[in-house]
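Down below is the structure, laid out as C-alpha cells.
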Amino acid sequence: MDAQLIFARDTDVTTFSEPYTFFTSYMSIMEDTSSDLHDVGGLLQAGFNVQASYVDRQIVRALCHIVSMRAAKLVGAAVAGIVKKASEARDDQEPVVVSISGQLTEMNQPYVECTIKTAKRVARTLDLCEPVFNVLGEDGYTVGAALSSFSK
C-alpha cells in the first residue's frame, strides 16, 4: 500500500500497514456481490477513512479473495494432515469425519468450500480414504460439531 498503486494519490493509506487493523471478519464483507460493491466501499470508508472508486473496490475485493482462498487451501492441507494422523491411529478403514462450525460457514461459503475441496484433494493424493465433512451453522455449535464427528 505504500506505493499507492490503488486509491487516489492524496489518500492516506498508512492504516493498512498497521498490524491488526484489517480484521478477519472484513473478509466476509469482501464477498460483496452487489453491482456497485457498496459494502466494500462502506467498509473502506468507515474502517479506513478511504473513499474508494469502483475500480479500487474491485481491486480490494479481488486481493481479499486471493488471500482468503490461499488461507482456505492452507487450512485444507492442514486438515488433510490431521486426517492422515487420525487414519493412522485407527484400525478400520472407515473415513474420518471432520466437522466445521462457526459463523464462517455462513458468512464466507467460498472459503469453506475451498477448504473442503483442498482437504479432499490432498487426502486423495496421500491415498487416504476421503474424509466426510459435516458443516454446521453459527457459533455455539462447537460441542455439536465435536459430537457429530464422533457419531459416524
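Contact annotation: residue pairs with Cβ atoms under 8 Å, 6 or more positions apart or on different chains, pairing a residue in segment 1-27 that is closer than 25 Å to Gln103 by Cα with a partner that is open to solvent by less than 40 Å² (accessible area, probe 1.4 Å) and at pLDDT below 85, are Met27/Asn108. Taken together, the criteria place Ala71 among residues that are closer than 23 Å to Met30 by Cβ and modelled with pLDDT under 95. Checking the structure you have, find out if any residue of segment 45-59 is among the acidic types (Asp, Glu) and open to solvent by 80 Å² or more (accessible area, probe 1.4 Å). The answer is no; no qualifying residue exists.
When Leu63 is tested against (1) open to solvent by 30 Å² or more (accessible area, probe 1.4 Å); (2) touching a residue at least 12 places away in the same chain (Cβ under 8 Å), exactly one condition is not met: (2). Of all the criteria given as (1) free of Cβ contacts under 8 Å to residues at least 40 places away in the same chain; (2) under 13 Å from the mean Cα position of the chain (by Cα), the one not satisfied by Ile100 is (1). Inspect all residues belonging to segment 27-43 and state whether any of them is within 18 Å of Ile116 (Cα to Cα) and among the small types (Gly, Ala, Ser). Yes, some residue in segment 27-43 is within 18 Å of Ile116 (Cα to Cα) and among the small types (Gly, Ala, Ser). Do you know which residues across segment 44-55 are touching a residue at least 12 places away in the same chain (Cβ under 8 Å), within 16 Å of Thr15 (Cα to Cα), over 21 Å from the mean Cα position of the chain (by Cα) and in a helix (DSSP H, G or I)? Scanning segment 44-55 gives a single hit, Phe48.
When only residues in segment 103-138 that are in contact (Cβ under 8 Å) with a residue 60 or more places away in the chain and not polar (S, T, N, Q) count, which is most open to solvent (accessible area, probe 1.4 Å)? Checked segment 103-138; the qualifying residue most open to solvent (accessible area, probe 1.4 Å) is Met107.
All conditions but one from (1) acidic (Asp, Glu); (2) under 26 Å from Pro110 (Cα atoms); (3) at pLDDT below 90 apply to Asp39; the one that does not is (3). One residue stands out among those in segment 83-102 that are within 13 Å of Cys129 (Cα to Cα) and in a helix (DSSP H, G or I): the one that is most open to solvent (accessible area, probe 1.4 Å), which is Lys85.
Residues are listed down the side, and each one gets a yes or a no for (1) at positive phi; (2) in a helix (DSSP H, G or I); (3) loosely packed, with under 12 Cβ neighbours inside 10 Å:
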{"position": "Leu5", "(1), (2), (3)": "no, no, yes"}
{"position": "Thr11", "(1), (2), (3)": "no, no, no"}
{"position": "Thr15", "(1), (2), (3)": "no, yes, no"}
{"position": "Tyr20", "(1), (2), (3)": "yes, no, yes"}
{"position": "Phe23", "(1), (2), (3)": "no, no, yes"}
{"position": "Ser28", "(1), (2), (3)": "no, yes, no"}
{"position": "Ser34", "(1), (2), (3)": "no, no, yes"}
{"position": "Gly42", "(1), (2), (3)": "no, yes, no"}
{"position": "Leu74", "(1), (2), (3)": "no, yes, no"}
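The values are calculated or read from the model by the stated rules, or taken from the named source; none is laboratory data. Everything numeric here is computed off the predicted structure, so don't read it as measured data. All Cβ positions, glycine included, derive from the backbone under ideal geometry; neighbour counts span all protein chains shown. Just so you know, the surface numbers come from the protein's heavy atoms only, side chains and all, with ligands and any DNA or RNA stripped out. Shrake-Rupley method; radii C 1.70, N 1.55, O 1.52, S 1.80 Å.
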